[in-house]
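Student: Provided herewith is a single structure, encoded as structure tokens, for subsequent inquiry.
What follows is calculated from the coordinates using simple rules that are stated; it is not laboratory data. What you see is a predicted model; the values in this text were computed from it and never measured. Neighbour counts are summed over all protein chains in view; Cβ atoms, including those assigned to glycine, are modelled from backbone coordinates with ideal geometry.
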Amino acid sequence: VLGKSSMDMVIIAVVYVMRVAVVVGNLLIILVWSKSPDVRDLLSPFIVALAFADLLVGLSTLFLMICFNISQINNDVEYPGLAGAALASQICASIATYASILGLILISVDRFVSVLHPLRYSSLLTTKVYASAIAASWIASAILALVTKDYLFGSKSSTSIATISLYFILVTLLI
């Protein structure tokens with residue numbers, strides 16, 4: 001890339017390799033879970049939902065980095081649609097990041113229930129409960145991402161206390 005020092009290029013290369021490793025690692029978790037019934041019994045669906053959220057974070061931030069690097073290579077050339085694609089990638093990364101955080105909370109609740117009620121665990125956490133909790137976490141993530149979109153990517157006019165309050169209300173309702 002023109003105008004970049006060798007140290008900048010090394011850092012960019014390391015970040016790209018890390019992003020690709022995140023994508024490949026989470027994709028492998030999802031594939032192994034989907035193909036092997038033995039693994040499905042061991043891994044909670046919450047872990048797979050977390051892997052999916054992290055996969056989306058990796059893909060969207062990788063795409064965002066590519067958009068940024070393309071725009072930096074030729075500052076005088078306009079790429080139609082690049083700004084819109086970058087914004088869509090930012091929103092996707094934001095939703096997936098919130099889903100990842102909520103996924104960690106769901107895993108913690110899952111482990112808590114398994115320790116607190118080991119004999120009733122399988123009757124308490126049914127497929128319907130897993131599906132409902134995962135769907136609720138993604139809906140809450142989308143709401144949070146859209147509410148905080150202007151604060152994170154734009155005018156900074158949103159109130160952070162209101163955002164944090166909304167986040168904790170949604171997490172409480174989810175649990």
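Student: So how do 124-131, 96-103 stack up, highest first, on mean other-Cβ count within 10 Å?
Tutor: Working: 124-131: 12.5, 96-103: 22.6.
My ranking of the peptides, most packed first, is 96-103, 124-131.
Student: Run the numbers for L27 and F68: contour at 0.36 nm per residue of separation, minus the present Cα-Cα distance, in nm.
Tutor: Numbers: separation 41, 0.36 × 41 = 14.76 nm, distance 2.44 nm.
Value of the extension gain: 12.3 nm.
Student: Rounded to whole Å, give me the distance from the Cα center of the range 76-130 to that of the range 30-58.
Tutor: Computed from Cα coordinates, the inter-centre distance equals 12 Å.
Student: In addition: Once the Cα gyration tensor of the range 1-69 is diagonalised, what are the square roots of 5 times its eigenvalues, in whole Å and ordered largest first, as equivalent ellipsoid semi-axes? Kindly include the intermediate steps, with their values, before the conclusion.
Tutor: Working: eigenvalues 217, 23, 11 Å².
Rounded to whole Å, the semi-axes are 33, 11, 7.
Student: At a 10 angstrom cut-off on C-beta neighbours, averaged per residue, how do the peptides 132-145, 48-61 rank from highest to lowest?
Tutor: Values: 132-145: 18.1, 48-61: 21.6.
Put in order of decreasing packing, that is 48-61, 132-145.
Student: Of the peptides 10-20, 106-116, how do they stack up when ordered by the mean number of other Cβ atoms within 10 Å, highest first?
Tutor: Descending mean neighbour count gives 106-116, 10-20.
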